[in-house]
Amino acid sequence: MLGIFDSGFGGLTVLKPIHERLPEVSTIYLGDNARAPYGVRTQEEIFQFTLEGVRFLFERGCPLVQLACNTASSQALRRIQQEVLPRDFPDRRVLGVIRPAAEYMALHSRRVGIFATPATVESNAYAHELFKLNPEIKVTQLACPGLTDLIESGNCKSESCEGLVKQFVGELLRKDPMIEEILLACTHYPLVYNLFRKHVPPDITVLTQGEIVAESLAQYLSAHPEMNDRLDHGGSKSYFTTNGEDISALASLFYGSDIKFKRA
């Protein structure tokens, strides 16, 4: 089984492209909806919550976990890879979403904008990765407090949500009017992609991460056949949430077809 972890609904925007790109790979999705959003929490909280999610997926037989959360990738991934895996799970692997997106942007643009959670912006993870890949790229980041909360609560079409998106777009472009490409660097944000596209000038590309991460994962499995062989290829799909309420109906709207969640 391939494990996919996110702080809530946002990871579904990564999970669906993974299902489309690797339909034969069985998956287990865990959304920590009860403690979402992660973007306003402390680094230690994010690390502990992410580690709990990864352990949950490992316990269900996943040799490989894809973090589908930028905040978790920026604040917890490195510690899990460097401290936890060698000590407790030397035969397991955990991947993030930041490196694949940075590699893509480094090939396609010289001036990029990043919309992300406060924690992701604070980490400077994208700026660091892009600088390593191409020191000449100009990176302009903007934290978007409150946006993930509205999306997670299902208020994607509210006036408040559009007002926030319009405000954030204006702030980012005032910081750098010459941006060529913008990344929605929170996996919740593609759920309001149309709002971003409405307010971002048409000559600026707006990127989402789902397809980029799915292709990167496919390349990883091709380069590591020993890991691919350990995955189940029956195409089964399971969905778990830490929320005590039934979130299946709302999650199905985000995913684009009916899915059924179980309580983790």
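Ordered by the number of other Cβ atoms lying within 10 Å of each residue's own Cβ, fewest first, 105, 178 fall into the sequence 178, 105. Farthest towards the positive end of the charge dipole of the chain, among the residues 119, 172, 158, is the Cα of 172, using unit charges on the Cβ of Lys, Arg, Asp and Glu.
The phi torsions of segment 212-229, fed into the Karplus equation with coefficients 6.51, -1.76 and 1.60 and a -60° offset, translate into couplings of 4, 5, 4, 5, 5, 5, 4, 5, 4, 5, 5, 7, 10, x, 5, 6, 4, 5 Hz, rounded to whole numbers, with Gly and Pro shown as x. A simple spin-label model places pseudo-atoms 7 Å from Cα toward Cβ; at residue 197 and residue 34 they are separated by 3.7 nm.
For segment 98-209, the tally of Lys pairs with Cα-Cα distances below 25 Å comes to 9, considering only residues 8 or more apart or on different chains. Does anything in segment 71-108 have its amide N under 16 Å from the 7 Å Cα→Cβ label point of residue 44, and if so which residues? The answer is 76.
Per-residue ellipticity at 222 nm from helix content only, as computed over the chain with -39500 (n - 2.57) for each DSSP H run of at least four residues, stands at -13000 deg cm²/dmol. Find the centroid of the Cα atoms in segment 41-56 and in segment 122-186, then give the distance between the two in whole Å. When both Cα centres are located, 23 Å separates them.
The ranking of 52, 152 from fewest to most other beta carbons within 10 Å of each one's beta carbon is 52, 152. Summing +1 for each Lys or Arg and -1 for each Asp or Glu, what net charge is found among the other residues whose Cβ lies under 15 Å from the Cβ of residue 59? With Lys, Arg at +1 and Asp, Glu at -1, the neighbours total +1.
For residue 223 and residue 59, what is the calculated FRET efficiency with R₀ set at 30 Å and r taken between the beta-carbons, to the nearest 0.05? Between residue 223 and residue 59 the formula returns 0.65. Charged side chains reduced to their Cβ positions (Lys and Arg at +1, Asp and Glu at -1) give the chain a dipole of some 140 debye around its Cα centre.
Charge tally for residue 27 (other residues, Cβ to Cβ under 15 Å; Lys, Arg +1; Asp, Glu -1): +3.
Charge tally around residue 194: other residues with Cβ under 14 Å, Lys/Arg +1 each, Asp/Glu -1 each, net +3.
Taken together, the values in this text are just the output of simple stated rules run on the coordinates, not laboratory data. Not measured: the values here are computed from a predicted model. No Cβ is skipped: glycine too gets one built from the backbone with ideal geometry, and neighbour counts run over all protein chains shown.
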